[in-house]
Every structure is written in C-alpha cells, then in structure tokens.
Amino acid sequence: MQVRIAIIGVSHWHTPLFLAPLLEAGESVVGVSDSDLVAADRYANRLGCKSYQSYADLCDAQKPDFVFAMAPHAEMAAVADFLIEAGIPFAIEKPVGINEAQVAALAAKAADRGSFVAIPFVFRYSGFLQTLRDVAAGEMVHFASFRFIAGLPSRYDEAGCSWMLDPAKSGGGSGINLGVHFLDLCQLLLGDFDPHVVTAFATNATGGRPVEDHSVISLEAAGRPWIVETGYLLPAPVGVFDMHFSVRTDGHYFVARGPGEIDVFDLSGAKKTIAATTTNMPHYPTFVTDTLSRLQAGQQPIANLNDMRAVMRHIDAAYRLSRPAKTS
C-alpha cells in the first residue's frame with residue numbers, strides 16, 4: 001500500500017538520505033515544507049508536489065499518512081509536539097530537542113497517545129552491531145570505545161545549515177550531533193546495566209566556531225568503561241570518516257578501523273576479518289524502508305523517543321561537565 005508522505009525541513013542536509021530511498025521505492029511525496037521557502041520550492045519542483053513555508057499548513061492541506069521531519073535542533077520539540085497532537089506517524093532526526101527535559105516530555109506524550117515516532121539511530125542496522133550479536137551472542141561486553149571524526153565545521157555552511165554551528169539553535173557540536181549514535185549503542189550493548197557519565201571533554205580549539213568540534217565522553221557501568229569520541233576535524237568530503245570502534249566481550253575482541261571490515265579476535269589470538277558496513281550513511285535507506293514496513297505492520301519503530309530520552313540524559317551530563325559554569 002502506498003503511503004502519502006510529507007517532508008518537513010527539506011533544507012536539512014539529511015534530506016537526500018531520506019528522499020533517495022523513497023523515490024526508489026516509488027513512494028508518493030505529497031508535499032514539503034521549510035522556513036526557507038526557496039529550498040522548499042526547489043524540492044517541490046523536483047518532486048512535482050506542493051511546497052509550504054509552514055509545516056502546519058503542509059499537514060493541514062495534504063493530510064499525509066507519514067512525515068519525515070527535520071529542523072534546527074531548538075525547533076524540533078515544537079515540530080514533534082505538533083505531529084503527536086495531530087496524530088500523524090512520523091520519523092524525526094535526532095536529537096529531537098536540545099536537552100533531556102524536552103525529549104522526556106515528548107516521550108511521555110507519545111506513549112500516552114500511542115504515537116508512532118521513529119528515531120534514525122541508524123547504527124542499530126550496522127554490520128558492526130550485527131557481527132557482535134552473531135559472534136558474541138550471550139557474552140557480556142566489558143569495554144567499548146567509539147571514535148568517529150567527521151568533516152570540518154565548514155561543511156554545514158556549505159550545506160546551507162549554518163545553524164548547526166550556533167549553540168542556541170543546535171544545542172552543541174559533535175557531541176549532540178554525532179555522539180548520540182554511539183551513546184545509543186552503549187545503551188543497547190549494556191542491556192540491563194545503567195551507565196552514567198564520568199568525565200567529558202569538549203573544545204572548539206581547532207575550528208574556532210561557537211560549538212565544540214571535538215568531544216570525548218567517558219561512561220561507567222558496573223565497573224566497565226565506555227568511551228565516545230566525536231569531532232569535526234577531518235579535512236575530507238562528506239561521508240568520509242576517521243573511525244575506530246573497539247569492543248571486548250567475554251570471549252572476543254572486535255575492531256572496526258574503517259567502513260567495510262571488522263577484525264574479530266578470539267581469546268587464543270586467532271583473527272578473522274568480516275566484511276560488513278560500519279558507518280551510518282549506507283543505513284538510511286534501510287531505516288526508511290524498515291520504518292514504513294513497521295508502520296504498516298503495526299509494529300514499533302527500531303528506536304523511539306524513550307531511546308532518544310535515555311541518550312539525551314548522557315548528553316546533558318556530558319555538557320554539564322565539559323562546559324564551565326558562567327561567572328558574572
């Protein structure tokens with residue numbers, strides 16, 4: 001069954017990642033919106049649909065069955081609240097707000113109303129996570145470290161999303177933008193153990209922009225360390241990352257040093273290399289098709305607002321530690 005889809009916030013740099021799989025699947029995009037009407041018109045002309053400056057007008061006029069929503073982070077909570085109130089199922093880019101309180105309120109409201117709200121924690125589809133589950137099923141995780149360094153802050157200027165470099169609109173830099181993916185993986189891998197942030201470091205010393213371009217967050221759970229390092233430091237094209245993931249379980253050690261391979265060591269030191277996707281961008285098509293399939297099947301999304309709230313608790317704690325209190 002074809003779903004009538006609307007896209008909110010098409011000036012966001014992630015729009016192509018959602019749109020390409022929709023078009024490939026032959027889904028019907030009935031309207032788009034953006035506060036930048038030029039951007040909205042550009043996509044509407046391409047798609048042969050109506051454009052709107054107001055997402056409320058878009059939803060009122062087009063009555064979509066599903067919405068893919070994006071916005072500056074400081075505006076996301078209002079968008080999500082509107083869609084929950086309107087009873088429209090939707091997927092919304094992370095982080096859905098600039099603090100845990102905003103996301104917690106939305107999570108409670110969505111749960112009360114039985115809303116379908118999907119969060120694109122796309123690393124949940126990654127070959128790295130699947131390899132851990134396949135090879136080390138039932139094994140406890142003793143240590144995990146995720147290093148994910150993306151391109152320079154200027155990429156947001158070039159994409160027309162300079163608001164990402166304004167902390168009042170974005171909530172922060174690489175920690176809140178990239179780090180949330182790996183804090184989510186930490187939550188998943190820990191299972192019943194509840195982690196807490198121990199130390200956090202954030203600096204804008206390299207790029208000199210108002211948001212941090214390098215963030216290191218360390219967590220502890222049941223005496224076990226977890227490290228999440230992110231940044232906007234790599235002078236490389238969009239989609240190219242300096243990445244290194246390491247996980248030690250009861251019986252194995254996993255290492256991903258790049259986008260296509262995972263080294264798996266057993267306790268004897270024997271190593272095998274597994275071909276698998278480990279970055280985020282290849283999994284947006286999977287997220288789009290899986291989310292729509294889950295909606296039509298009456299199933300829950302792969303990640304929801306409660307998962308986002310849990311991650312934002314760690315983001316709040318990290319920023320409290322890494323941002324010195326202002327003095328008069």
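Of all residues in the stretch 202-220, which are open to solvent by 40 Å² or more (accessible area, probe 1.4 Å) and in contact with a helix residue (DSSP H, G or I) (Cβ under 6 Å, 6 or more places away or on another chain)? The answer is R209, P210.
Taken over the stretch 80-94, residues that are within 22 Å of W163 (Cβ to Cβ) and in contact with a helix residue (DSSP H, G or I) (Cβ under 6 Å, 6 or more places away or on another chain) amount to 5.
Among residues that are buried (at least 18 other Cβ atoms within 10 Å of the Cβ), of a type in the set (D, E) and under 28 Å from S215 (Cα atoms), E100 is included. Reported count of residues in the stretch 1-34, each being in contact with a Phe, Trp or Tyr (Cβ under 6 Å, 6 or more places away or on another chain) and polar (S, T, N, Q), is 1.
Of the residues making up the stretch 140-192, those that are under 30 Å from F265 (Cα atoms), surrounded by 15 or more Cβ atoms within 10 Å (Cβ to Cβ) and either without any contact (Cβ under 8 Å) to a residue 24 or more places away in the chain or of a type in the set (D, E) (or both) number 1.
Contact map, the stretch 252-268: first residue closer than 17 Å to P282 by Cα and without any contact (Cβ under 8 Å) to a residue 40 or more places away in the chain, second residue assigned to a loop (DSSP other than H, G, I, E, B) and open to solvent by 10 Å² or more (accessible area, probe 1.4 Å), Cβ cut-off under 8 Å, separation 6 or more or different chains; pairs are P259/F241; P259/T277; P259/T279; G260/A276; G260/T277; E261/A276.
Based on this model, can you work out whether L292 counts as in a helix (DSSP H, G or I) and open to solvent by less than 20 Å² (accessible area, probe 1.4 Å)? Judged against the criteria, L292 is a match. Per the listing G269, G223, G251, G258, the residue uniquely touching an Asp or Glu at 6+ places or on another chain (Cβ under 6 Å) and open to solvent by 10 Å² or more (accessible area, probe 1.4 Å) is G251. The set of residues in the stretch 272-289 that are open to solvent by 40 Å² or more (accessible area, probe 1.4 Å) and either closer than 29 Å to A101 by Cβ or over 13 Å from the mean Cα position of the chain (by Cα) (or both) comprises K272, T273, I274, A275, T277, P282, P285, T286, T289. Is it true that E229 is open to solvent by 50 Å² or more (accessible area, probe 1.4 Å) and within 23 Å of V198 (Cα to Cα)? When the stated conditions are applied, E229 does not pass them.
All of F116, F128 fail the test of being open to solvent by 10 Å² or more (accessible area, probe 1.4 Å) and of a type in the set (A, V, I, L, M, F, W, C), apart from F116. Here F182 passes the criteria (1) in a helix (DSSP H, G or I); (2) touching an Asp or Glu at 6+ places or on another chain (Cβ under 8 Å) except the one numbered (2).
The values are calculated or read from the model by the stated rules, or taken from the named source; none is laboratory data. Worth saying up front: this structure is predicted, and the values here are computed from it rather than measured. For neighbour counting, all protein chains shown are included, and Cβ atoms are generated from backbone atoms with ideal geometry for every residue, glycine included. Please note that ligands, DNA and RNA were not included when accessible areas were found on the heavy atoms of the full protein model with its side chains. Shrake-Rupley method; radii C 1.70, N 1.55, O 1.52, S 1.80 Å.
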